[in-house]
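In what follows, a single structure is set out as structure tokens and then discussed.
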Amino acid sequence: MYLDIHSHIQHSTADTLVIRNQYPLTANTTEPFSVGIHPWYVENWKLQWEALVPLAKHPNCWAIGECGLDKNITTPLPLQQEIFLKHIYLAETLELPLIIHCVKAYSEVLHLRKITKTKQLWILHGFRKNLKVAKECIAHNIALSFGKPLTYSPQLQEVYKSISPEYRFFESDDEEMSISKFTNFLIDKFAN
């Protein structure tokens with residue numbers, strides 16, 4: 001059985017369990033899902049949060065997120081941090097993993113991991129940084145999720161080869177791709 005840790009479009013199949021990322025106001029709870037407020041879409045975050053909390057308690061909710069910090073958007077970082085902290089504490093309370101969107105805010109995410117002293121698994125989705133950043137994340141017990149760029153990026157392939165398997169996850173995100181074929185491609189590529 002394969003695991004797709006983060007998808008916006010894929011559905012579970014006979015050989016792949018997919019955790020679909022759901023937005024609180026449009027969530028479908030019929031299959032495993034994660035629920036969170038993406039930092040790009042915080043304009044009505046209080047309404048979203050009211051919808052999110054009951055969904056997070058649903059038995060098919062397997063993770064909190066996608067949530068996090070993004071320095072490439074106009075939303076003020078203090079507001080993003082406030083919303084992200086709510087997700088962090090919800091994940092901790094419900095004992096669920098946290099799936100994190102992070103753009104140019106790795107030091108802030110690492111700082112929040114340190115000061116919150118949380119125990120639940122954190123997973124940086126769509127990881128595309130270098131080995132130094134990867135090692136910093138792992139030192140803070142934050143796992144990494146890889147998508148399609150792993151198939152063509154030598155830098156990401158070096159990261160993938162250098163980190164322990166318990167810190168590696170795979171995701172389709174918004175790509176039309178099979179995680180089982182993706183995983184088999186990686187096995188073949190790195191078997192040599």
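The relative contact order of the chain, computed from alpha carbon pairs under 8 Å that lie at least 6 residues apart in sequence, is 20 percent. Leaving out ligands and nucleic acids, and using a 1.4 Å probe, what accessible area per residue does the chain come to in Å²? Using a 1.4 Å probe on heavy atoms only, each residue of the chain averages 49 Å². In the range 1-87, the convex hull through the Cα atoms has an average projected area of 5.8 nm², a quarter of its surface area.
Which of rounded, prolate or oblate describes the range 125-192 when judged by the alpha-carbon gyration tensor and an a/c cut-off of 1.5? Because a/c hits 1.5 or more and a/b exceeds b/c, the range 125-192 counts as prolate.
Descending by average beta-carbon neighbour count within 10 Å, the peptides 121-129, 153-161, 79-87, 43-51 line up as 121-129, 79-87, 153-161, 43-51, the highest first.
On C-alpha positions alone, give me the angle between the axis of helix 45-56 and the longest principal axis of the chain, in degrees, nearest 10. Tilt of helix 45-56: around 60 degrees. Here the ratio of the Cα radius of gyration of the chain to 2.2 N^0.38 Å is 0.99.
Using a cut-off of 22 Å between Cα atoms, the listed pairs Lys114/Lys135; Lys132/Lys181; Lys57/Lys86; Lys135/Lys161; Lys148/Lys181 include Lys132/Lys181 as exceeding that distance. Rounded, prolate or oblate: which fits the range 92-166, taking a ≥ b ≥ c as square roots of the Cα gyration tensor eigenvalues, rounded meaning a/c under 1.5, else prolate when a/b beats b/c? Prolate.
Could you look at the range 2-191 and say what percent of its accessible area is carbon and sulfur, using a 1.4 Å probe and all protein chains? Within the range 2-191, the accessible surface is 55 percent carbon and sulfur.
Note on Lys46: aspartates and glutamates with a C-alpha under 12 Å away, same-chain residues under 8 apart excluded, are Glu82. Within the shell of other residues whose beta carbon sits under 11 angstrom from the beta carbon of Ser12, the net charge comes to -2, with Lys and Arg scored +1 and Asp and Glu -1. The C-alpha atoms of the chain define a longest principal axis, and helix 106-116 lies at about 60 degrees to it.
The values are calculated or read from the model by the stated rules, or taken from the named source; none is laboratory data. Just so it is clear, the model here is predicted, and its values are computed rather than measured. Here Cβ is always computed from backbone atoms with ideal geometry, including for glycine, and neighbour counts include all displayed protein chains. Accessible surface areas use protein heavy atoms only, side chains included; no ligands, DNA or RNA. Shrake-Rupley method; radii C 1.70, N 1.55, O 1.52, S 1.80 Å.
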